Amino acid sequence: MGKNIVEKILAQHLIEGNLVPCTEIGIHIDQTLTQDATGTMTYLQLEAMDVPKVKTDLSVSYIDHNTIQIGFENADDHRYLQSIAKKFGIVLSRAGNGICHQVHLERFGIPGKTLIGSDSHTPTCGALGMIAIGAGGLDVAQAMAGEPFYLVCPRVIRINLLGQLPAWVSAKDVILKVLEIFTTKGNVGTIFEYGGDGVSSLTVPERATITNMGAECGVTTSIFPSDEMTRLFLRAQQREVDFVELKTDTDATYAKVVDIDLSKLEPMTARPHSPDNIATVRSMKDIAVDQVCLGSCTNSSYKDLVTVAKILKGKVVHPDISFILAPGSRQVLENLAHDGYLADLITAGARLMENSCGFCIGNSQSPKSGSVSLRTSNRNFPGRSGTMDANVYLVSPETAAAAVITGHFTDPRDLGIAYPRVEMPGKLLIDDSMIIRPVDTNTKNNIEVYRGPNIGAPPNNTALPVTIAAQVTIKVGDKITTDHIIPAGARMKYRSNIPKYSEFVFENVDSHFADNAQKIKAAGKQNIIVAGLSYGQGSSREHAAICPMYLGVRAVIAKSFERIHTANLINFGIMPLTFINEGDYDKIDRGDDLEIFNIRELITAGSDLLVQNKTKGDSFSLTCNLSSRQKQIVLAGGALNMRNANSN
Ligand code: MIC
Ligand code: SF4
């Protein structure tokens, strides 16, 4: 029987298990990437593993998130990352070189290879035909140490893109359509494989917009075939030598096939406050807009920015709009400048930001109170922009440009101008001077690691006790994101300092959470979080597990969990427990005392757990669906504990 693209790459990289959907497999990882916000913890964990050099073909450390340097913390962290890269044989992409996913696509991704990254948008490189997966930092550190990456063998859904996109409709509208169909929940353990005759008309950066935002559906990753478009992209990047053709077999099978007719799509938007709250731009009917942000790892390629430059040429930003421009990479910026488009954008009134995450993570350019902000980025979770009551809409570059001109939500087809269809140049200016490659990876390690006062060791959990006696510290609803659990934005600079960063757990949901959790911990009890569906959406930040662990959280009881966050909870010894009967969620309140007996034995046996609600005087059952490897990790109180136990 024929194979699909996912099966082909997984078969070539399989180390443990069998390619049977829903079972755990271990795969070999060829490449890793980290960014600075998750990277410091990742490398502290790598240091604890006592490995002299990374064992991957390529590991790249990017500095792109915390580039706003107010206070010493971020600059110290950058220097730590630079010295660690030198010590372990890691490539360093310096601050100013661009956003990890955009730069990795341009300079490093290779069709047919595997990549994991400590950032949930790592699937961007699926545009090149890679299996590219977001993971917690500890999993990335283990891959750098040459260990397999474990995941649930995915079911593969084929998305057929048919026909061609009409004028003014672009890749962002395609992925917003996918989000409308699949939503942000219920897609754990799935990979989207794109195919169909429409694929050949999409350039690699357009494919990257689609694979990037597959992360919002919660899929393991998304992938495109590697074809002539891939070859052209790699040729323009002066690395055609990396091209390998990858296509599905004609008799390959899929768990499901979904068709999307590109010619029928229209400009779309994701309304506040979730990427799956989809509507057409036309139905937004003239809503006044205060801010437009163009950039992020989703839509800041050369093609995106040139399209906007052409739309805005000779026009001026509407007086009520603040127009923010953050190119995805230095390569994009240099080429825009070289070809004259940067001048057009600046003349139109764009406020030029650094080539970094910036506005997307809310560490700058927070919009005014109660504002409407149109962004080409991928997440519009509440408060992520840095302004709690802002209304963020996700849109294509074309729709963003239309609002820049008119000052309100405008279907770009109504601008009354010809669509500037932009072709990707066959040749680009290539300049890797902000990339530092390791010099001699074979010499002995005498490189001194720089550690500023912001850097602390990752904390350890204790082994799982026989009984969990805990209080419910917080009860939250459905679709709680890691941005709810531990905010990013201005707080991110504490990422390397767990005691400090932990003060902000659930800050925007319950500002007393950290204090209450510490009090419960001091009283000798554990903390439990109770949640609804799809707990842990969004970012890969393992701090959403480490910081609760530091505050004494031992379990999260939810109706369902998202993939990366589940892996992070397990890695730090927090039990991800699922209601057997979802209705039991309604029987628990914040402040209830819960007891779970005999937990070690029941976990080992794979049995259900019985919880006594001492406050309410009733009980309910939970499951904990773990592989035998994951059971060992939670029993040990986390992956680092298990490693230490195994090496003694
Ligand atoms: C995000 O987009 O939320 C982030 C910031 O890039 C995160 C990583 C982080 O929290 O550092 C992600 O997507 O994983
Ligand atoms: Fe950076 Fe935003 Fe992309 Fe996350 S989603 S990597 S914050 S640009």
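The values are calculated or read from the model by the stated rules, or taken from the named source; none is laboratory data. These figures come from a predicted structure and were not determined experimentally. Virtual Cβ from ideal backbone geometry, glycine too; neighbours counted across all protein chains shown.
Side notes on the structure shown:
- Single unsatisfied condition, S628 versus (1) without any contact (Cβ under 8 Å) to a residue 12 or more places away in the chain; (2) farther than 20 Å from R554 by Cβ; (3) surrounded by 19 or more Cβ atoms within 10 Å (Cβ to Cβ): (3)
- The condition (being within 16 Å of ligand 2 (Cβ to nearest atom) and either out of contact with any Cys (no Cβ under 6 Å at 6 or more places or on another chain) or on the phi < 0 side of the Ramachandran plot (or both)) is satisfied by just one residue among Q35, Q82: Q35.
- Check on S385, within 13 Å of ligand 2 (Cβ to nearest atom), buried (at least 24 other Cβ atoms within 10 Å of the Cβ), within 18 Å of V103 (Cα to Cα) and of a type outside the set (F, W, Y): no
- Of the residues making up the stretch 112-143, those that are touching a His at 6+ places or on another chain (Cβ under 8 Å), closer than 28 Å to A48 by Cα and within 11 Å of ligand 2 (Cβ to nearest atom) number 5.
- Screening V241 with (1) touching a helix residue (DSSP H, G or I) at 6+ places or on another chain (Cβ under 9 Å); (2) over 22 Å from L342 (Cβ atoms); (3) in contact (Cβ under 8 Å) with a residue 12 or more places away in the chain gives one miss only, at (3).
- Filter result for N378 (closer than 17 Å to G328 by Cα, touching a Gly at 6+ places or on another chain (Cβ under 7 Å) and touching a residue at least 24 places away in the same chain (Cβ under 8 Å)): no
- Scanning the stretch 493-529 for residues that are out of contact with any Pro (no Cβ under 8 Å at 6 or more places or on another chain) and under 29 Å from G214 (Cβ atoms) turns up R495, Y501, F506, V509.
- Qualifying residue in the stretch 247-266 (condition: closer than 24 Å to G426 by Cα, in contact with a strand residue (DSSP E or B) (Cβ under 9 Å, 6 or more places away or on another chain) and either modelled with pLDDT of 95 or more or assigned to a helix (DSSP H, G or I) (or both)): yes
- The C-beta contact set for the stretch 131-147 (first residue more than 23 Å from G536 (Cα to Cα), second residue not in a loop (DSSP other than H, G, I, E, B), distance under 6 angstrom, 6+ apart or interchain) comprises M144/T32; M144/L46; M144/S59.
- Hey, L58 more than 16 Å from ligand 1 (Cβ to nearest atom) and either touching a residue at least 12 places away in the same chain (Cβ under 8 Å) or within 20 Å of E147 (Cβ to Cβ) (or both) or not: yes
- Number of positions in the stretch 587-610 that are surrounded by fewer than 15 Cβ atoms within 10 Å (Cβ to Cβ) and either under 31 Å from the mean Cα position of the chain (by Cα) or basic (K, R) (or both): 3
- Subset of the stretch 99-115 [more than 25 Å from A11 (Cβ to Cβ) and under 16 Å from the mean Cα position of the chain (by Cα)]: I99, C100, H101, Q102, V103
- Meets criteria (in a helix (DSSP H, G or I) and among the small types (G, A, S)) for A555: no
- Residues that are farther than 28 Å from I580 by Cα and of a type in the set (D, E), drawn from the stretch 509-530: D515
- Residues of the stretch 285-303 that are buried (at least 24 other Cβ atoms within 10 Å of the Cβ) and not polar (S, T, N, Q): V289, V292, C293, L294, G295, C297, Y302.
- Meets criteria (of a type in the set (A, V, I, L, M, F, W, C) and more than 16 Å from ligand 1 (Cβ to nearest atom)) for A37: no
- Of all residues in the stretch 323-364, those satisfying the criterion of being crowded, with 20+ Cβ neighbours inside 10 Å and more than 16 Å from ligand 2 (Cβ to nearest atom) are F323, N335, L336, Y341, L342, D344, L345, A348, A350.
- Test result for N641, part of a helix (DSSP H, G or I) and within 19 Å of G552 (Cβ to Cβ): yes
- Lone qualifier among R541, R563 - being touching a helix residue (DSSP H, G or I) at 6+ places or on another chain (Cβ under 7 Å), more than 20 Å from P465 (Cα to Cα) and in contact (Cβ under 8 Å) with a residue 40 or more places away in the chain: R541
- Leading residue by the ranking (surrounded by the fewest Cβ atoms within 10 Å (Cβ to Cβ)) among those in the stretch 479-523 that are more than 16 Å from ligand 1 (Cβ to nearest atom) and touching a residue at least 40 places away in the same chain (Cβ under 8 Å): P499
- Residue ID - nearest to R330 (Cα to Cα), chosen from residues in the stretch 39-58 that are surrounded by 24 or more Cβ atoms within 10 Å (Cβ to Cβ) and not hydrophobic (A, V, I, L, M, F, W, C): G39
- Of all the listed residues (S118, S61, S83), the sole one being closer than 29 Å to P225 by Cα, more than 15 Å from the chain's Cα centre (by Cα) and hydroxyl-bearing (S, T, Y) is S61.
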